[in-house]
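Here's the structure we're looking at; comments come further down.
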Amino acid sequence: MKNEIKKGFYFKQYSAPEQSPFEKLFGIFKELITHTSGDFDEAISWLRELDKEYKLTDENYTIDDFIEDLKKKGYIKDEVREDGSGGLGITAKTERAIRQQALDQIFGNLKRSGSGNHKTKHSGTGDEHTGEFREFHFGDSLEQISLTESLRNAQIHHGIGDFRLTEDDLVVEDTQHKSQMSTVLMIDISHSMILYGEDRITPAKKVAMALAELITTRYPKDTLDILVFGNDAWPIAIKDLPYLKVGPFHTNTVAGLQLAMDMLRRKRNTNKQIFMITDGKPSCVRERDGSYYMNSNGLDEYIVDKCYTQAQQARKLHIPITTFMIASDPYLQKFVNKFTEANQGKAFYTGLKGLGEMIFEDYETNRKKRVK
């Protein structure tokens, strides 16, 4: 009697992948350097505290050994600070590593998840295959024809002895229409982003870094501009993201929207969009004479009306605004609903958990359809 091969699942205790002492500490270090806004000394101080509590190192490899390896591998360098003292700071290589880690954390989870909430996708001429086949139609390019499926049809329809390939045998592998996208990501850096003991700015930074890494590596023809807004709004470079901090600012949403639209006006792409991450109500506008009108008590009608005007202006320019509101106050939701209606954009009311996945799903969906 022949031995039967039994198929099934074999369960065993999970074992973490092998990591060198440096790799183990480097993953933690990248998290800490993000939380400390690029402050190397503070990050290492936290790492030493974690080492005391969780025994991350031993006598064979210490935190000091780790710092030496960071120097040798080009992740940190000697620098002179503003007060004239010397110290260590991170390099561009570390900044890239932080962006890559953010991409892995956010987009890695997204790839493992099921289909998202946004179902709108258009088929058409493109370079991203859907895995679906359809009949050949006049106008389809030769590159779209699936040779294997078409030959299979020819054999079925005509037989091998009288082999011929006709137009009715041709099968096309469908593709999704993909167009270039210009995106501006607005990040609220008002004081409320760290209020009540909740760190909201670090997740926002991570999302920005991951989105930047995705676009520059996977969609190099797309553009991403990032701006921050408090009392005013100003653009920041991707390399500045790890060092981003919250200030003692009010929330000038109008200034952020004006700058975002100015940035997008200069883009040649037809498809443009604005992503706005905020946790608070608009509480500040800058007047024509340069003075600031501020009111943090409730929703000021003068300020919110200016926000609605900007939303309408963006709509006229065919620029949809997607608002990610990290707050659940009913009166703020009412404002965001009216703002979204004025722009005909979208709004998500979300906590910090899942923020990255939501933004990535929306970005991927939008770039596969033509924004009108």
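The values are calculated or read from the model by the stated rules, or taken from the named source; none is laboratory data. All figures in this text were calculated on a predicted structure; none of them were measured in a lab. Note that each Cβ is placed from the backbone with ideal geometry, even for glycine, and that neighbours are counted across all protein chains shown. All accessible areas refer to the heavy atoms of the entire protein, side chains included, with ligands and DNA or RNA removed. Shrake-Rupley method; radii C 1.70, N 1.55, O 1.52, S 1.80 Å.
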Work out the charge dipole of the chain with +1 on the Cβ of Lys and Arg and -1 on the Cβ of Asp and Glu about the Cα centre, then indicate which of Gln105, Thr278, His35 is farthest towards its positive end. Thr278
Can you tell which of Asp51, Asp362, Asp169 shows the greatest fluctuation in a Gaussian network model of the chain with Cα springs below 10 Å? Asp169
Report the relative contact order of the range 213-372, percent, no decimals, based on alpha-carbon pairs under 8 angstrom and at least 6 residues apart. 18
Given R₀ = 25 Å, FRET efficiency for Leu142-Thr365 by Cβ-Cβ distance, to 0.05? 0.30
Compare Phe163, Phe22, Phe229 in a GNM of the chain, Cα atoms joined below 10 Å, and give the one with the largest fluctuation. Phe163
May I ask you to compute the full-extension gain from Lys55 to Phe163, defined as 0.36 nm times their residue separation minus their alpha-carbon distance, rounded to one decimal in nm? 31.7 nm
Pick from Asp279, Asp83, Asp65: which is most flexible by mean-square fluctuation in a GNM of the chain where alpha carbon atoms under 10 Å apart are linked? Asp83
In the chain, what % of DSSP beta bridges are antiparallel (nearest 5)? 45
What dipole magnitude, in Debye to the nearest 20, does the range 202-299 give about its Cα centre under +1 on Lys/Arg Cβ and -1 on Asp/Glu Cβ? 360
The simple spin-label model distance between Lys338 and Glu149, using points 7 Å out along Cα→Cβ, in nm, is 5.1
Average Cα contact separation per residue, the range 199-239, under 8 Å, 6 or more apart, as relative contact order %: 27
Under 1.5 on a/c is rounded, so check that first for the range 228-348, then, if it is not, pick prolate when a/b is larger than b/c and oblate when it is not; a ≥ b ≥ c are the square roots of the alpha carbon gyration tensor eigenvalues. rounded
With the other protein chains left in place, how much accessible area per residue, in square angstrom, belongs to the chain at a 1.4 angstrom probe? 57
With θ set to phi - 60° and the Karplus curve 6.51 cos²θ - 1.76 cosθ + 1.60, what are the ³J(HN,Hα) couplings of the range 162-167 in order, to the nearest whole Hz, using x for Gly and Pro? 10, 6, 7, 10, 10, 4
Using a 1.4 Å probe on the protein chains only, how many percent of the accessible area of the chain belongs to carbon and sulfur? 49
If you put +1 on each Lys and Arg Cβ and -1 on each Asp and Glu Cβ, how big is the dipole of the range 314-372 around its Cα centre, in Debye rounded to 20? 400
So if I place +1 on the C-beta of Lys and Arg and -1 on the C-beta of Asp and Glu, and nothing else carries charge, what would the dipole magnitude of the chain be about its Cα centre? I want it in debye, nearest 20. 940
Residues whose placed amide H lies under 5 Å from that of Phe249, excluding near-sequence neighbours: His191
In terms of modelled amide H atoms, which long-range or inter-chain residues lie less than 5 Å from the amide H of Gly87? Glu79, Arg81
Let me have the relative contact order for the chain, percent, based on Cα pairs under 8 Å that are six or more residues apart. 16
Suppose R0 equals 25 Å. What FRET efficiency, 1/(1 + (r/R0)^6) with r the Cβ-Cβ distance, do Thr91 and Thr62 give to the nearest 0.05? 0.70
